[in-house]
Amino acid sequence: MDNTALLLFVTATFVLAGFVKGVIGLGLPTIAVGILGVVMAPAQAAALLVVPNLITNGWQIATGPKLLATLRRLWPMLLAICLGTWAGAGLLQQEKDGTATLWLGAALILYAAVGLKAAKLRVPAGWEIWLGPVIGFTTGVVTAATGVFVLPAVPYLQALGFDKDELVQALGISFIVSTVALSFGLIGAGALNMTVAWQSGLALVPALIGMGAGQFVRNRISPATFKICFFTGLLALGAYLCWRSLA
């Protein structure tokens with residue numbers, strides 16, 4: 001693939017990934033790492049995503065309704081995400097056969113299928129104090145191994161009973177913490193340097209264009225439609241991850 005074709009490929013990938021994130025609040029790293037994995041190593045793709053992840057999740061957080069209250073509620077999980085990501089540092093560079101990605105995709109499909117059947121998962125209030133850190137640490141290790149932040153944090157946050165906009169904001173908070181934690185690991189592994197950071201900054205433009213279009217759609221759909229889009233999006237992401245790892 002020549003430089004022009006590669007540029008167009010990367011640009012289209014970030015527009016698509018940004019659009020999905022704008023609609024359902026997640027999917028940027030999942031889609032981008034998956035598609036970019038065709039032309040580059042997973043660690044390189046994850047490094048290219050650092051700036052778009054930081055800015056798009058910052059935007060997602062800023063447009064949410066209850067930032068301080070959500071931070072107070074989620075901080076044990078967020079701290080554990082950092083610890084889990086640093087504990088698993090180097091796993092992404094070692095991921096060669098796609099096994100971790102396959103299991104991640106399968107788990108997403110299972111969770112999405114349960115959600116589409118209208119099963120309501122709820123976390124009892126008394127469980128959050130201990131379950132949050134467990135979920136966070138596990139999410140951190142999965143992030144370190146795959147470059148994707150969705151499991152098990154997304155099902156956990158969805159089970160906390162947030163409304164549509166609160167859930168999207170909570171997802172943004174979780175993802176931005178995961179991005180920062182993963183960035184330290186990528187820097188230590190040599191996958192993220194000033195040159196890659198500059199390239200990552202350029203990738204922000206198509207990601208923001210896609211995300212803006214996606215948010216336009218999300219602001220005009222009902223909570224019931226958003227729920228269908230949310231779980232259908234997870235199902236599609238899981239199926240894509242399984243297909244990519246098996247192919």
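From the phi angles alone, apply the Karplus equation (6.51, -1.76, 1.60; θ = phi - 60°) to segment 209-220 and give each ³J(HN,Hα) in whole Hz, x where the residue is Gly or Pro.
Per residue, the Karplus-derived 3J(HN,Hα) values read 4, x, 5, x, 5, x, 5, 4, 5, 4, 5, 10 Hz.
By the gyration tensor of its Cα atoms, with a ≥ b ≥ c the square roots of the eigenvalues, what is the shape of the chain: rounded for a/c under 1.5, prolate for a/b over b/c, or oblate?
rounded
Give me the extension gain from ALA41 to ALA197: residue separation times 0.36 nm, minus the current Cα-Cα distance, reported in nm with one decimal.
54.5 nm
Is segment 3-88 rounded, prolate or oblate when judged by the Cα gyration tensor, a ≥ b ≥ c being the square roots of its eigenvalues, rounded requiring a/c under 1.5 and prolate requiring a/b larger than b/c?
Cα axes put segment 3-88 in the oblate bin.
What residue among PHE14, PHE216, PHE230 has the largest mean-square fluctuation in a Gaussian network model of the chain, using Cα springs under 10 Å?
PHE216
Order of 136-145, 53-62, 191-200, 35-44 by packing, highest average Cβ count within 10 Å first?
Highest-to-lowest ranking by the protection proxy: 136-145, 53-62, 35-44, 191-200.
Return the single residue from GLY212, GLY25, GLY34 with maximal mean-square fluctuation; model: Gaussian network over the chain, springs between Cα atoms under 10 Å.
Most flexible of the set in this elastic network: GLY212.
Work out from phi, with θ = phi - 60° and the Karplus expression 6.51 cos²θ - 1.76 cosθ + 1.60, the ³J(HN,Hα) of each residue of segment 180-187, listed in order in whole Hz, and give x for Gly and Pro.
Each residue's phi maps through the Karplus curve to give 5, 4, 5, 4, 4, x, 5, 5 Hz.
Where does the chain land at 222 nm, in deg cm²/dmol rounded to the nearest 500, when only DSSP H runs of n ≥ 4 count, each adding -39500 (n - 2.57), divided by all residues?
-26000 deg cm²/dmol
Expected output is a single nm value to one decimal: the length gained when fully extending between THR99 and ALA239, i.e. 0.36 nm times separation in residues minus the C-alpha distance. What is it?
Taking 0.36 nm per residue and subtracting the Cα distance, the gain is 49.0 nm.
Which ³J(HN,Hα) values, rounded to whole Hz and listed in residue order, are derived for segment 192-204 from phi using the Karplus coefficients 6.51, -1.76 and 1.60 in 6.51 cos²θ - 1.76 cosθ + 1.60 with θ = phi - 60°, glycine and proline given as x?
Computed from phi, the couplings for segment 192-204 are 10, 9, 5, 5, 5, 4, 5, 4, 5, x, 5, 5, 5 Hz.
Between ILE221 and LEU7, what length comes free when the chain is fully extended (0.36 nm per residue of separation minus the Cα-Cα distance, one decimal in nm)?
The ILE221-LEU7 span can extend by a further 73.7 nm.
First compute the accessible area of the chain with a 1.4 Å probe, then give the percent of it belonging to carbon and sulfur atoms.
72
Let's see if you can work this out: charge +1 on each Lys and Arg Cβ, -1 on each Asp and Glu Cβ, no other charges. What is the dipole magnitude of the chain about its Cα centre, in debye to the nearest 20?
Once rounded to the nearest 20, the dipole reads 600 debye.
Counting only heavy atoms of protein chains, what accessible area per residue, in Å², does segment 1-137 have with a probe of 1.4 Å?
Roughly 49 Å² per residue, with all protein chains present.
In the chain, with Lys and Arg counted as +1 and Asp and Glu as -1 at Cβ, which of these residues, THR225, VAL205, PHE19, has the Cα nearest the positive end of the dipole, that is, farthest along it?
THR225
Which listed residue (VAL168, THR143, TRP243) has the Cα farthest towards the positive end of the charge dipole for segment 125-247, taking +1 on Lys and Arg C-beta and -1 on Asp and Glu C-beta about the Cα centre?
TRP243
For the chain, modelled as a GNM with alpha-carbon contacts under 10 angstrom, which of GLY161, GLY172, GLY214 fluctuates the most?
Looking only at GLY161, GLY172, GLY214, the largest GNM fluctuation is found for GLY161.
Among rounded, prolate and oblate, which fits segment 125-247 when a ≥ b ≥ c are the square roots of the eigenvalues of its C-alpha gyration tensor, a/c under 1.5 means rounded, and a/b larger than b/c means prolate?
oblate
Give the peptides 202-210, 123-131 in descending order of average Cβ contacts within 10 Å, highest first.
202-210, 123-131
The values are calculated or read from the model by the stated rules, or taken from the named source; none is laboratory data. Small disclaimer: the values here were computed from a predicted structure and weren't measured. No Cβ is skipped: glycine too gets one built from the backbone with ideal geometry, and neighbour counts run over all protein chains shown. Heads up: the accessible areas ignore ligands, DNA and RNA and are worked out on the full protein's heavy atoms, side chains in. Shrake-Rupley method; radii C 1.70, N 1.55, O 1.52, S 1.80 Å.
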